[in-house]
Every structure is written in C-alpha cells, then in structure tokens.
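Structure first, commentary second.
Throughout, read-outs are computed from the coordinates displayed, never taken from laboratory work. The structure presented is a predicted model; accordingly, all values stated were derived computationally and were not measured.
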Amino acid sequence: MLDERLSLCARFVTEGGKVCDVGTDHAYLVAHLLSSGKSVSAIACDIADGPLLSARTTIEKNNLCDKAEVIKSDGLDNISPEGITDVVIAGMGGELISDIVLRTEWLKNDVNLVLQPMTKPEILRESLIKNGYEIIKEECASDKNHAYTVICFKYKGIHKENVSLKEKWLGKICDNKNPHNIAYAELFLSKENKIINGMKQSDDTKYIEEHEKIAKVFEDFLKGR
Ligand SMILES: C[S@@+](CC[C@H](N)C(=O)[O-])C[C@H]1O[C@@H](n2cnc3c(N)ncnc32)[C@H](O)[C@@H]1O
C-alpha cells in the first residue's frame, strides 16, 4: 500500500506506458504501477547502492523482473530514453529535481514529468517554466505531519521571462475545496506569516513586502473555500 503522497504520484502517471522512477529507493512506486497494470514496464533508478539493493529486492519479491530494470544513475544520466513515456522524481529537493530535469534534453520529447519536491517547490516551478516547461496539472497530498505538492510538467518550448507570484507559489493548484490543497496552502501561509512576524520583531523589514505578497497568494486561495 502506497501512502497518500506516492499514491498521488501514481495517479498522475500515464496509463499503459513505460515509467522511469528516479531516486526510487525501495521501488514501492514502481512495484505498485506494474502490479496494478497501470504501467507496462519500468525503470527503477537511484544514485546509491543501498536503495538499489532495496529496489531489486522489491522487484524480485513481487515477481516483476520481466517488467522492471534496476539501474544505477545520477539523475537520468545513465538512462536510455527509448520507450519512456513518464518520469517520476519524488522525495527530493526542488533544486535537485530542477537540475536533473534541465540537464536531460530528451525529456523535451513529450515525456510526462511527475515531480514531487520535498522542499523549494517555488524554485522548481519557476526554473522549469522559464525553461519552456508548462504545468499540466497539480494537486496536493497531506498526512498528519506534512503537505506535499505533485506537479505534472510537459515541455512546450515557451520560455517565459516573467513567472507570476501565483504561478511560482501555487502553480496549478486550483481546487480550494480539496482538503489536501487547503492543508498545503495553510502550511505555506503559516511559514510566510512566521517570517513576516520575525522580520517585524527584529526590525529587519527589507524583504517584508515580498513576503506579504506571497502570503496574500495563499490567503486569496483560502478565501471562499
Ligand atoms: C527520500 S528518498 C525518496 C524515495 C522515493 N522516491 C519517495 O519519494 O518515497 C530519495 C532517494 O533519491 C536518491 N537520490 C538522491 N540524489 C539522487 C540523484 N542525483 N540521482 C538519483 N537518485 C538520487 C537517494 O539515494 C534516495 O534513495
């Protein structure tokens, strides 16, 4: 059974394709996608030997050796693009995910990217949008400890110079009745409010206006829910 976060990633993967899971760790996502029949074949890759061992164990235990390859790779550097319809990168920082995507040229060939940043989602959105990727859809998952966003990107070749604050901080999260989206907006609003209050107390108000504008993005989203 996958948790909410990885279940949402699985939901965003194209039906009947070949998926590559970067930073697969235990390969739970790959095992789920293959066992459920959602993906026809898969590559589970990781940079580290421990996770690769766990991934191989999961694939073998679930009798998926004929459908899944386990490959050691830094990002997608050792991965051949043949047949890959979907790339999932989940559970890493937004800056690292952005770096992996932007150095992999073949992702521009209509590959569905399912990205789940643990930190700095705003940097991931901004850098990919500026480099010709478009957010196709975005939704949040939450548990009692945290809220996460899962973003689907595709390369469209339109390099935007200016990314609005709303696009940068909320992306395409739009359903303000969805409790997971609400939890995500509340989490980010509370982070911004903490920063704003800290600045007020220390009299270091140089960037306060910028943080107030970011807070307003989340306040507006939460209004009328
Ligand atoms: C926190 S785990 C996330 C596992 C799984 N994707 C998830 O979301 O639950 C991060 C994994 O990414 C791997 N990783 C970190 N940097 C990487 C890179 N540059 N290329 C491939 N894998 C990487 C780590 O070895 C680790 O197994």
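Table for the structure above
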read-out: Rg over Rh, two decimals, the stretch 71-119 (C-alpha only, Kirkwood Rh); value: 0.93
read-out: Across LYS130/LYS154; LYS168/LYS194; LYS38/LYS61; LYS67/LYS172, pairs whose alpha-carbon gap is larger than 22 Å; value: LYS67/LYS172
read-out: Alpha-carbon centroid distance for the pair the stretch 172-220 / the stretch 74-145, whole angstrom; value: 24
read-out: Semi-axis lengths, Å, the stretch 87-183, gyration tensor of Cα atoms, sqrt of 5 times eigenvalues; value: 22, 15, 12
read-out: Of all DSSP beta bridges in the chain, antiparallel share, percent nearest 5; value: 35
read-out: Pair-distance profile P(r), taking every C-alpha pair of the stretch 12-52, with 10 angstrom steps and integer %; value: 34, 52, 14
read-out: Longest to shortest principal axis, alpha-carbon extents of the stretch 15-134, angstrom; value: 42, 28, 23
read-out: When the stretch 179-222 is reduced to its Cα atoms, the Kirkwood hydrodynamic radius in Å; value: 10.6
read-out: Equivalent ellipsoid, the chain (semi-axes from 5 times Cα gyration tensor eigenvalues, Å); value: 33, 19, 16
